[in-house]
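Below you'll find the structure, written out as structure tokens, and then a few comments.
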Amino acid sequence: DLVLARDLREAWAHAVQRRLGPVLAIKWSWGMAGGFLVCLPLLAAERFSSVGAAQAIGWLYAARGVGTGIGPLLARRLGQSDREFARSIAVSFLIAAAGYTAAAFAPNLVLACLCVALAHTGGSTIWVFSTVLWQRRVEDAYRGRVHTLEFLGLTLSFVAWGFVSGLVFDVGGSVATALLVTAAGAAAAGPLWWRRQAHRRGS
């Protein structure tokens, strides 16, 4: 609708004025989380059906919740300036990638849950710190519209990565392959975003 389109244009113009494009791109770059959400039920069904697929799904999602809860609390101890938050975000992409790479080879449900929890200490840090970064710099009158813009990009990215992960599983027939491809996306996203930030600071 026309009103929504106008609001999004205004949000983008304000974000550009405040040089928030790279900050909004953090959550857009975390779209591989949508792929991980596709992979978790597949992992439970393929690897841990002896436990009970439904029960295994529940444990894996519970582990995801635990990691999500503690990630930002731990990361904030490393510093709370914009630069320190940015560094934590870049590292968190690598943590998420490492956690899901390990989960792809976990021999039992307990280790898989620990790997997923580790991955989402990184994922939740990306989520929370990216929001804090733009909220520190946006004018109050634009908060809702910038939030909508951020979530629009995130949703599109989620859908794209969910599709990619599902396609890799269908073609390769292995949840480990799907996890590794999706984790590779996370491993690349962090350093690429940090490099862009460094280039922007140096310009």
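The values are calculated or read from the model by the stated rules, or taken from the named source; none is laboratory data. All figures in this text were calculated on a predicted structure; none of them were measured in a lab. Neighbour counts are summed over all protein chains in view; Cβ atoms, including those assigned to glycine, are modelled from backbone coordinates with ideal geometry. Heads up: the accessible areas ignore ligands, DNA and RNA and are worked out on the full protein's heavy atoms, side chains in. Shrake-Rupley method; radii C 1.70, N 1.55, O 1.52, S 1.80 Å.
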Check your understanding: If you roll a 1.4 Å probe over the chain with all protein chains in place, what percent of the accessible area is carbon or sulfur?
Key -> 66
Review point. For the range 98-203, max minus min Cα coordinate along each principal axis, in Å, sorted largest first?
Key: 49, 29, 24
Exercise for review: With θ set to phi - 60°, apply the Karplus curve 6.51 cos²θ - 1.76 cosθ + 1.60 along the range 182-187 and write out the HN-Hα couplings as whole Hz, x wherever there is a Gly or Pro.
Suggested key: 5, 5, 4, x, 5, 5
Revision key, fill the gap. Share (percent) of C-alpha pair distances in the chain greater than 23 Å works out to 46
Check your understanding: Considering every pair of different Cα atoms, what Kirkwood radius, in Å, is found for the range 41-98?
Key -> 13.2
Check your understanding: Which semi-axes, in whole Å and largest first, does the equivalent ellipsoid of the range 122-169 have when worked out from the alpha carbon gyration tensor as the square roots of 5 times its eigenvalues?
Key -> 27, 13, 5
Check your understanding: Per-residue HN-Hα couplings for the range 91-99, Karplus 6.51 cos²θ - 1.76 cosθ + 1.60 at θ = phi - 60°, whole Hz, x for Gly and Pro?
Key -> 5, 5, 4, 5, 5, 4, 5, 5, x
Practice item. Could I get the Rg over Rh figure for the range 1-119? Both from C-alpha atoms, Rh via Kirkwood, rounded to two places. Key: 1.10
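Under the Kirkwood approximation for Rh and a Cα-based Rg, what ratio Rg/Rh is obtained for the range 141-203? Present the calculation step by step, with values, prior to reporting the outcome.
Values: Rg = 15.9 Å, Rh = 13.9 Å.
Reported Rg/Rh (Cα atoms, Kirkwood Rh): 1.14.
Nothing charged except the Cβ atoms of Lys and Arg (+1) and of Asp and Glu (-1): what's the magnitude of the dipole of the range 73-147 about its Cα centre? Round to the nearest 20 debye.
Values: 8 positive and 4 negative charges, 29 e Å.
Here the size comes out at about 140 debye.
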Check your understanding: Contour minus end-to-end for LEU111 and VAL159, with contour as 0.36 nm per residue of separation and end-to-end as the Cα-Cα distance?
Key -> 14.5 nm
Check your understanding: If you average over every viewing direction, what projected area does the convex hull of the Cα atoms of the range 81-159 give, in nm²?
Key -> 6.1
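With +1 on each Lys and Arg Cβ and -1 on each Asp and Glu Cβ, and nothing else charged, work out how big the dipole of the chain is about its Cα centre, in Debye to the nearest 20. Walk me through the numbers before you get to the answer.
Numbers: 19 positive and 10 negative charges, 164 e Å.
Dipole magnitude for the chain comes out near 780 debye.
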Point to revise | Accessible area per residue, Å², the chain with all protein chains present, probe 1.4 Å | key: 49
Check your understanding: Can you give the net charge of the other residues whose Cβ lies under 14 Å from the Cβ of PHE105, counting K and R as +1 and D and E as -1?
Key -> 0
Exercise for review: Express in nm, to one decimal, how much length is gained between ALA54 and LEU37 on full extension, taking 0.36 nm for each residue of separation and deducting their alpha carbon distance.
Suggested key: 4.7 nm
